[in-house]
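Student: Got a structure for you, questions after.
Only the coordinates and a few stated rules stand behind these numbers; no lab work does. Just so it is clear, the structure is predicted and the values come from calculations on it, not from any experiment. Cβ placement follows ideal geometry from the backbone for every residue including glycine, while neighbour counts extend to all protein chains displayed.
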Amino acid sequence: MENNPLTRQDLLLQKLADIKYLDMKATDVAKSKLSSEEFTGSIELTLEELAATKGVYLVEDLIFAESINFMIARSNLGKTFAYLDMSCRIVLEEPWLAKQTKRGKLLIVLGEGKAGFYQRLETWLEVNGRTLDDIRGSMFFIDGANLFNDESIKKISEVADREQVDLIIFDTWSATSGVTDENAGALNSEALNRASKIRPEAALLFVHHPTKATELKDRPEMRGSSALKGRADCVMTMYDDRSFNPTDGGKQEWIALSTAFDHGGKNRNARTETIRGLYLADLGDDRKIFAQIESETMSKKAAVVRLRLKGRQTVEEFAEVLNMHSSSARRYLEAAVSEGVAVFHKREAANKPDRYELSESAKRSLEPNFAYLAEVNENNKR
């Protein structure tokens, strides 16, 4: 039986199949190379060394040293106000959303919104009773970036190493990453690799947008390649919290911040959670700050301590103020300490009692600037 010769079309299809085959093989090789580049090497650890690797946080349960983090929110929801508030709390070692922070230095790479950033910072300082001198030497800025540009990487690394920063914030991923195709996994992975090498001991926070299809939902999903979320240690999503309806909150456009899977978040280093009662406090003249209603920020016990604890008091003295048993007063004070509202002063001598005092942030929250903010918030409720 005579074999039919291959037609010209058959030969063309065979040639195209060979090209496609080589392309698929090249993709697999590229993925292997990227995976190899991400790997930093095998190191033997003792039990003591393993214990020492337990995460050192900048923000309790959220941002840890050497971690990759994302903050996801639609445009105009308040993500810049949120990370600015968090940044200032880290620099001043004040609690953020009732979470402890560790004092650190920050480098903020501004790719978007730099024109209004200074006004937002200035407003935050004014409302919180602070000045530029309080953050000077701890917060640094770079205008523009491209993670695929060697000169850009060099400049960011130079500042990060010179100032020994603990956290680098990129605002936003699309404006600073240099990725030309957000859906290309290899490009996104390479951009993250290059960012991670800027200052390996520092944490990274990328401000990013959700997909158009999910930006108005309570489960905003990160825009672009799944490689980003796969590499992330923590993904904090922010969304319109339409179901939040506190009895004392008045009319507000409420915001929630979540690391929970059901809300598009992720947290591989701590338990996932959703923080509610967040909003942008409008101070007038286009001035706003990121805020949280007090009832959501602290427990009732801590709120009582914030208002009633004066100077340095013993448990017995505070019990007398509240007209309650000392064991109950101690629970109030311990709750306030755990939430960053009060600090504990151990006795200076065996014959001296332990004492409690409001934390610096709690003291400032009672100053006139906050009284003004409370007045504005009260007006917003009407």
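Student: Between 0 and 90 degrees, rounded to the nearest ten: what's the tilt of helix 368-381 against the longest Cα principal axis of the chain?
Tutor: Approximately 70 degrees, to the nearest 10.
Student: With each pseudo-label sitting 7 Å past Cα toward Cβ, what's the S328-Y118 distance in nm, one decimal?
Tutor: Rounded to a tenth, the inter-label distance reads 5.4 nm.
Student: When DSSP assigns beta bridges and you keep just the ones with both residues in the chain, what percent turn out antiparallel, to the nearest 5?
Tutor: Values: 25 of 49 bridges.
Approximately 50 percent, going by the DSSP bridge assignments.
Student: Also, I was wondering about something else. Using helices alone, I'd like the mean residue ellipticity at 222 nm for the chain: each DSSP H run of four-plus residues gives -39500 (n - 2.57), total over residue count, nearest 500. Present the calculation step by step, with values, prior to reporting the outcome.
Tutor: Values: 15 runs with 158 residues, N = 382.
That calculation yields -12500 deg cm²/dmol at 222 nm.
Student: For a Förster distance of 51 Å, can you work out the FRET efficiency between the beta-carbons of E316 and K102, rounded to the nearest 0.05?
Tutor: Details: r = 33 Å, r/R0 = 0.65.
After rounding to 0.05, the efficiency reads 0.95.
Student: How much length is gained on full extension from A260 to D161, taking 0.36 nm per residue of separation minus their Cα-Cα distance? Before the final figure, lay out each step's value.
Tutor: Details: separation 99, 0.36 × 99 = 35.64 nm, distance 3.35 nm.
32.3 nm is the gain from fully extending A260 to D161.
Student: Something else about it: By counting other Cβ atoms within 10 Å of each Cβ, how are H345, H325, H208 ranked from fewest to most? All intermediate terms of the calculation are to be shown ahead of the outcome.
Tutor: Working: H345 14, H325 10, H208 27.
Lowest count first: H325, H345, H208.
Student: Now, a different point. Test of understanding: ordering S42, S326, S177, S138 by Cβ neighbours within 10 Å, fewest first, what list do you get? Can you show the working numbers first?
Tutor: On the way: S42 5, S326 14, S177 26, S138 18.
Ordered by Cβ neighbours within 10 Å, fewest first: S42, S326, S138, S177.
Student: Ranking K15, K79, K301 by Cβ neighbours within 10 Å, fewest first, what do you get?
Tutor: On the way: K15 10, K79 25, K301 19.
Listing K15, K79, K301 from fewest to most nearby Cβ atoms yields K15, K301, K79.
Student: Loop only by DSSP, 13 or fewer other Cβ within 10 Å of the Cβ. Give me the trypsin sites (Lys or Arg not before Pro) in the range 144-250 that pass, ordered by residue number. Numbers along the way, then the final one.
Tutor: Details: sites: K154, K155, R162, R194, K197, K212, K217, R223, K229, R231, R242; in loops: K197, K212, K217, R223, R242.
Hits after loop and neighbour filter: K197, K212, R242.
Student: Can you pull the Kirkwood radius for the range 54-297, inverse mean 1/r over Cα pairs, to one decimal in Å?
Tutor: On the way: mean 1/r = 0.0553 Å⁻¹.
When all Cα pairs of the range 54-297 are included, the Kirkwood radius is 18.1 Å.
Student: Quick one: Karplus J couplings for the range 303-314, per residue in order, coefficients 6.51, -1.76, 1.60, θ = phi - 60°, nearest Hz, x for Gly and Pro?
Tutor: 5, 5, 4, 4, 8, 10, 7, 10, x, 9, 10, 7
Student: Grab the alpha carbons of the range 122-255, take their convex hull, and tell me the volume per residue in Å³. Present the calculation step by step, with values, prior to reporting the outcome.
Tutor: Details: hull volume 19.6 nm³, N = 134.
Here the figure is 146 Å³ per residue.
Student: Computed FRET efficiency, Cβ-Cβ of S75 and F141, R0 30 Å: what is it to the nearest 0.05?
Tutor: Here the calculated transfer efficiency is 0.90.
Student: Roughly how many nanometres apart are two label points built 7 Å out from the Cα toward the Cβ at S42 and H345?
Tutor: 5.6
Student: Hey, what angle do you get for helix 326-338 against the long axis of the chain, alpha-carbon based, 0 to 90 degrees rounded to 10?
Tutor: Between the helix axis and the principal axis of the chain, the angle is about 30 degrees.
Student: To the nearest 10 degrees, how steeply does helix 79-92 sit against the main Cα axis of the chain, on a 0 to 90 scale?
Tutor: The angle comes out near 60 degrees.
Student: A further question on this structure: Using only the alpha carbons, work out the radius of gyration and Dmax of the range 23-180 in angstrom.
Tutor: For the range 23-180, the Cα-based Rg and Dmax read 18.3, 60 Å.
Student: Now for a different question. Sum up the charges of everything whose Cβ sits under 13 Å from the Cβ of S326, counting Lys and Arg as +1 and Asp and Glu as -1, but leave S326 out. It would help to have the intermediate numbers written out before the result.
Tutor: On the way: positive: R330, R331; negative: E316, E317, E320, E334, D354.
Counting the neighbours of S326, the net charge comes to -3.
Student: With labels modelled as points extended 7 Å from the Cα through the Cβ direction, what inter-label distance (nm, one decimal) is found for K197 paired with R271?
Tutor: Those two pseudo-labels are separated by 4.0 nm.
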